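Contents: one structure, followed by commentary.
The values are calculated or read from the model by the stated rules, or taken from the named source; none is laboratory data. In this text, all values refer to a predicted model and were calculated from it rather than measured experimentally. Positions of Cβ are generated from backbone atoms using ideal geometry, with glycine treated the same way; all protein chains shown enter the neighbour counts. Accessible surface areas use protein heavy atoms only, side chains included; no ligands, DNA or RNA. Shrake-Rupley method; radii C 1.70, N 1.55, O 1.52, S 1.80 Å.
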Amino acid sequence: MASEANPFESLQEQIDDAATYLDVRSDLVERLKRPERVLEANLSVEMDDGTIEHFKSFRSQFNGDRGPYKGGIRYHPGVTRDEVKALSGWMVYKCALVDIPYGGGKGGIAVDPSKYSAGELERLTRSFATELRPLIGPNVDIPAPDVNTGQREMDWIKDTYETLENTNAPGTVTGKSLSAGGSAGRVRATGRSTMLTAREAFEYRGQDIADATVAIQGYGNAGSVAAELLEDQGASIVAVSDSSGAIYDPTGLDTRAVKSDKRKTGSVIEYEGAETEVRSNRELLTLDVDVLIPAALENAIDGSIASDVRANVIVEAANGPLTPEADAVLTNRDVAVFPDVLANAGGVTVSYFEWVQNRQQFYWAESRVKEELETIITNAFDDLVETYESRDLPNFRTAAYAVAIERVIKAYDRQGTWP
Ligand code: NAD
């Protein structure tokens, strides 16, 4: 990534910035800047050749004032305690902004999963789930997928938990396969909220998303689905990238063909569309487009890249893709940044629907999931712009935090401090 900014310090700065615009007690804000608890577990896992490897893993439970802790589990070599703490904090503010009854949590294992067999990953996941067992559960803390994890890992965690607890508890994790109690529409939910945010942002600015050109960094779950749904809205996706590089076609890429080629070859850069040129990720971030969507990892855009960004609108599909310095540069340059806590909230929102369905043992059609998601995201967008305008805030991120911090503090204040 472009910068080494510590994501946990970035989160704390974002809270401090937003708090200066709020009429809230500073001692209560201080409480919202650090997790309630963090599990650090060293996992010892048997490899296929009989040797034992050791992996560092974390689960951060940031805040539970509005409901059970909720958040994904990431498998990536760059996972650190501070990264997991930051990601768990962003979950608190995301759930509060879209007003679903959860606090925030996040977990991760420092591992490059591409280097391990399915059997080794299953043993690793079940070992992590065993460590998590006393801390998770449908009423306590509910993991979900994040970078490099998906339905397979969630099904393993659910099965480990249910076996150890001798119970049936599908609501222990979300993002499961449909046969294990997953929800229709979950896989595409994050990209869908990114599309909805971009569409609402354009409407708010008096423009039509159908006229927009779009560049997307990261072509995994979040990025590729956002690309497809924006193309369906009539937008032209002119550039996309992954960790191997970027492709650019000023006439617009066929997003589904890019995805199907990536599945076969492993990277978007192997796509052979007629006008396609291969570029670097930095070039993608500074292309002359209407909308830039970072959909890879945190700190993708630092202050120096931000000075060269030419898009007028950024919609954050990734968590924390801008450093605080980049945020300041873009605010000064009047680039409208629609923050992660709104734009990728579709994932946790449909996770919430999945949990509701698990509790009721009554499953919804995908059409209902899409409809309810659209209502939640557009309502949150309206709350955000109302706060942005009525309080004359410097940017939409500050407005998102303002809405969220007030909701969390209200919940805490009503319950009081005990013991
Ligand atoms: P993913 O693993 O499916 O995709 C990540 C993509 O980013 C891959 O295409 C990878 O090649 C690319 N990438 C990695 N490093 C890159 C780099 N330096 N330059 C360009 N591309 C790079 O992960 P995902 O689930 O799509 O998650 C992406 C982001 O969205 C993360 O920040 C994640 O926290 C966030 N997010 C995901 C979900 C979800 O439901 N999947 C929900 C909320 C937030």
Going through (1) outside any helix (DSSP H, G or I); (2) under 27 Å from His54 (Cβ atoms); (3) without any contact (Cβ under 8 Å) to a residue 60 or more places away in the chain one by one, Ala129 fails only at (1)
Look at Gly252 and say whether it is within 19 Å of Ser280 (Cα to Cα) and within 16 Å of the ligand (Cβ to nearest atom).
no
Can you name the residue in the range 149-166 that is closer than 25 Å to Gly50 by Cα and in contact with a strand residue (DSSP E or B) (Cβ under 7 Å, 6 or more places away or on another chain) and, of all such residues, is nearest to the ligand (Cβ to nearest atom)?
Thr149
Can you tell me which condition Val187 does not meet? The list is (1) closer than 18 Å to Val369 by Cβ; (2) under 16 Å from the mean Cα position of the chain (by Cα); (3) surrounded by 23 or more Cβ atoms within 10 Å (Cβ to Cβ); (4) within 12 Å of the ligand (Cβ to nearest atom), and all the others hold.
(3)
Taking Val313 as the residue in question, decide whether it is open to solvent by 30 Å² or more (accessible area, probe 1.4 Å), under 26 Å from Leu393 (Cβ atoms), of a type in the set (A, V, I, L, M, F, W, C) and more than 16 Å from the ligand (Cβ to nearest atom).
no
Consider Asp23 against the criteria (1) surrounded by fewer than 17 Cβ atoms within 10 Å (Cβ to Cβ); (2) in contact (Cβ under 8 Å) with a residue 24 or more places away in the chain; (3) assigned to a loop (DSSP other than H, G, I, E, B): it satisfies all of them except one. Which criterion is unmet?
(2)
The conditions are (1) open to solvent by 10 Å² or more (accessible area, probe 1.4 Å); (2) within 13 Å of the chain's Cα centre (by Cα); (3) modelled with pLDDT of 95 or more, and Ser193 fails exactly one of them. Which is it?
(1)
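Residue-wise test of (1) at pLDDT 95 or above; (2) outside any helix (DSSP H, G or I); (3) under 28 Å from Ile293 (Cβ atoms).
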| site | (1), (2), (3) |
| --- | --- |
| Arg359 | yes, no, no |
| Ile377 | yes, no, yes |
| Leu393 | yes, yes, yes |
| Ala399 | yes, no, yes |
| Asp413 | no, no, no |
| Trp418 | no, yes, no |
Just one of (1) at pLDDT 95 or above; (2) crowded, with 18+ Cβ neighbours inside 10 Å; (3) closer than 28 Å to Asp17 by Cβ; (4) touching a helix residue (DSSP H, G or I) at 6+ places or on another chain (Cβ under 9 Å) trips up Val258, so point out which.
(3)
State all residues of the range 297-310 that are within 13 Å of the ligand (Cβ to nearest atom) and either part of a strand (DSSP E or B) or at pLDDT 95 or above (or both); if no residue qualifies, say none.
Ala300, Ile301, Asp302, Ile305
